[in-house]
Amino acid sequence: MRIKRCFLGILGLFLGMQLTLMARQVPEMTASMPPTFRQTQVNQILGSDLLTPFFEKIKKADRPVRVLHLGDSHVRGHVFTVETRQCLEQAWGDSAVYDDKITYKTSALARETGKAGLVYHAYGINGATYAQFNNEQTLSKFDDLNPDLIILSFGTNEAHGRNYTEEWQIQEMDALLATLRERFPEADFLLTTPPGSYWRKRVKTTLKNGRKTYVTRHILNEQVEQVALTQVAYGAEHGIPVWDLYHVVGGADYACRNWRSAGLQRSDYIHYTPEGYILQGKLLAEAILKAYYSYETNTL
C-alpha cells in the first residue's frame, strides 16, 4: 500500500512538473498581427541562446537588471520602446523603477527605486545611424546606467543613404559595437532590423490633357531588405542575437505593404502610427519572452 502511495505521489509530482513545463513553454502574452498581414514568419529572436547571461540575471531577481535600448526615430518616438518596457515589466516586475509618465517631450531613461526588477531605458535620435551614436557626447549620457543588455535598433536611415553599401553598414556596426563593448564590458547585445520604408520620389507624368507635370510617388525602398539581411548575417558571424522584424512581418514582398494595408504606416511611408509602434513593441516583447521561457524550460 505504501509503495502504491509512493508511486502515486511520484506520478503526481512528475505530472505537476510536466504541467509547469508546458505552462512555461507558452509566453504570457501574444502579439496578434492584423489578419491582413501576409507571408509573416515566426516571431522569434535568432540566436536567442546567446541571451542566456542576461536571462540568468533576470531569473535571479536579486538586483535591478538594466536594458538600454538605443536607436533612431522609431525609438525616439517613445511609443515602440515604452510598449516593450511595459510588457516586460508585467512579466518580470516593475518595482525597480518609478511609474513616470513618458511622452515625446520627456526622457525615456527610467528612474530607479533601488529595488530588484527590470529597468528599461530607451534613447533615440531622429535620423540617426550607427555612426551618429558613436561619439563621446552621446555615449557619455549612459555611463551611469550600467546596462546588462543593449538593444540596437538602427537601419532605416542607413537604408535611405543614396550611397549605401553593405561594406559601409558593416563598418558602422563594427565601430559602434567596439565602442560599446569597451564602455560596457558586462553588457550583452541584441540587434533589431528596421520595419520597412519607401523612397519619396518626384517623377514626370502626363495628364489627360497632355500637359507634363511632376508628381510625388512612394517607391518601395529595396535597400531595407539588404540592411536587414546584413544585420542578420552580422549577428550570426559575431555571436549577437537578432530580432528580424523586417522578415517577421512579411519581408521584401509584404513588410511595407502589410503595414500600409492595415493603416499602421504614416503618410511619409517611413514612420508608423501609434498603433503601429505599439504592435512593434508588443512583438519585440513577445519575442524576448519566448526566448526567456525557452531558456527557463531548458534550465529546469
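The values are calculated or read from the model by the stated rules, or taken from the named source; none is laboratory data. If you're wondering where the values come from, they're calculated on a predicted model, not measured in any experiment. FYI the Cβ positions are ideal-geometry reconstructions off the backbone, even for glycines, and counts take in every protein chain you see. Remember, those area values only see protein heavy atoms, side chains included, never the ligands or the DNA or RNA. Shrake-Rupley method; radii C 1.70, N 1.55, O 1.52, S 1.80 Å.
About the Cα centre of the chain, what is the dipole size in debye to 20, counting +1 per Lys and Arg Cβ and -1 per Asp and Glu Cβ, all else neutral?
Working: 33 positive and 32 negative charges, 275 e Å.
Rounded to the nearest 20 debye, it is 1320 debye.
Using a cut-off of 13 Å between beta-carbons, work out the net charge of the residues near Ala131 (Lys and Arg +1, Asp and Glu -1, Ala131 not included).
Values: positive: none; negative: Asp72, Glu158, Glu172, Asp174.
So the environment of Ala131 carries a net charge of -4.
For the stretch 84-105 and the stretch 50-72, compute the distance between their C-alpha centroids and round to whole Å.
The two parts, judged by their Cα centres, are 14 Å apart.
As an exercise, identify the chymotrypsin sites (Phe, Trp or Tyr not before Pro) in the stretch 24-119 lying in DSSP coil whose Cβ has no more than 13 other Cβ atoms within 10 Å. It would help to have the intermediate numbers written out before the result.
Numbers: sites: Phe37, Phe54, Phe55, Phe80, Trp92, Tyr98, Tyr104; in loops: Phe37, Tyr98, Tyr104.
Passing sites in the stretch 24-119 are Tyr98, Tyr104.
What is the projected area of the convex hull of the Cα atoms of the chain, averaged over all directions, in nm²?
Values: hull surface 81.2 nm².
Projected area, direction-averaged: 20.3 nm².
Binned at 10 Å from 0, what are the whole-percent values of the Cα-Cα distance distribution for the stretch 84-199, short to long?
All Cα pairs considered, the percentages come to 11, 40, 34, 14, 2.
Hey, could you get me the Stokes-Einstein D for the stretch 222-300, Kirkwood radius over alpha-carbon pairs, 4 °C and 1.567 mPa s, rounded to whole µm² s⁻¹?
92
Of the peptides 245-253, 263-271, how do they stack up when ordered by the mean number of other Cβ atoms within 10 Å, highest first?
Values: 245-253: 20.8, 263-271: 16.1.
Descending mean neighbour count gives 245-253, 263-271.
When only alpha-carbon atoms are used, what values of Rg and Dmax, in angstrom, describe the stretch 83-125?
Answer for the stretch 83-125, Rg first and Dmax second: 10.2, 29 Å.
Between Asp144 and Ser95, what is 0.36 nm times their sequence separation minus the Cα-Cα distance? Round to one decimal in nm. The partial results should precede the final answer.
Working: separation 49, 0.36 × 49 = 17.64 nm, distance 1.96 nm.
Length gained between Asp144 and Ser95: 15.7 nm.
Over 26 Å between Cα atoms: which of Lys57/Lys105; Lys60/Lys105; Lys59/Lys282; Lys105/Lys290 fall into that group? Intermediate results must be reported in sequence, preceding the final value.
Details: Lys57/Lys105 32 Å; Lys60/Lys105 35 Å; Lys59/Lys282 21 Å; Lys105/Lys290 32 Å.
Pairs exceeding 26 Å: Lys57/Lys105; Lys60/Lys105; Lys105/Lys290.
Could you give the dipole magnitude of the stretch 23-168 about its Cα centre, charging the beta-carbon of Lys and Arg +1 and that of Asp and Glu -1, in debye to the nearest 20?
Roughly 320 debye for the stretch 23-168.
Could you tell me the calculated FRET efficiency between Gln86 and Thr36, based on Cβ-Cβ distance and R0 = 35 angstrom, to the nearest 0.05? List each step's numbers first, then the result.
Details: r = 26 Å, r/R0 = 0.73.
Once the sixth-power term is evaluated, E becomes 0.85.
Using θ = phi - 60° and the Karplus relation 6.51 cos²θ - 1.76 cosθ + 1.60, list the HN-Hα couplings for the stretch 260-272 in order, rounded to whole Hz, with x at every Gly or Pro.
For the stretch 260-272, the Karplus curve yields 5, 5, 8, x, 10, 10, 6, 5, 7, 6, 10, 9, 10 Hz.
Probe radius 1.4 Å, ligands and nucleic acids left out: which of Met33, Met173 has the largest accessible area, and how do the rest follow?
On the way: Met33 50, Met173 0 Å².
Heavy-atom accessible area, descending, gives Met33, Met173.
Any idea of the accessible area per residue across the chain, 1.4 Å probe, to the nearest Å²? Walk me through the numbers before you get to the answer.
Numbers: 15460 Å² over 300 residues.
Value for the chain: 52 Å² per residue.
Using only Cα atoms and rounding to the nearest 10 degrees, what angle (0 to 90) does helix 274-298 make with the longest principal axis of the chain?
30
Return an integer: the convex hull volume of the alpha-carbon atoms of the stretch 113-181, in Å³ per residue.
Values: hull volume 7.0 nm³, N = 69.
Taking the convex hull of the Cα positions in the stretch 113-181, it is 101 Å³ per residue.
Heavy atoms only, probe 1.4 Å: what % of the accessible area of the stretch 81-235 goes to carbon and sulfur, would you let me know? Display every interim value, and only then the final one.
Working: 3600 of 7880 Å².
Roughly 46 percent of what the probe reaches on the stretch 81-235 is carbon or sulfur.
Quick one: net charge around Glu112, please, counting Lys, Arg +1 and Asp, Glu -1 for every other residue with C-beta under 14 Å from its C-beta.
Details: positive: Arg63, Arg66, Arg85, Arg111, Lys115; negative: Glu89, Asp94, Asp99, Asp100, Asp144, Asp148.
For residues surrounding Glu112, the net value is -1.
Sorted by packing (mean other beta-carbon atoms within 10 Å per residue), highest first, where do 138-146, 285-293 land? It would help to have the intermediate numbers written out before the result.
Numbers: 138-146: 13.2, 285-293: 22.8.
Ranking the peptides 138-146, 285-293 by packing returns 285-293, 138-146.
Can you pull the Kirkwood radius for the stretch 44-135, inverse mean 1/r over Cα pairs, to one decimal in Å? Walk me through the intermediate numbers first.
Values: mean 1/r = 0.0708 Å⁻¹.
One decimal place: 14.1 Å for the Kirkwood radius.
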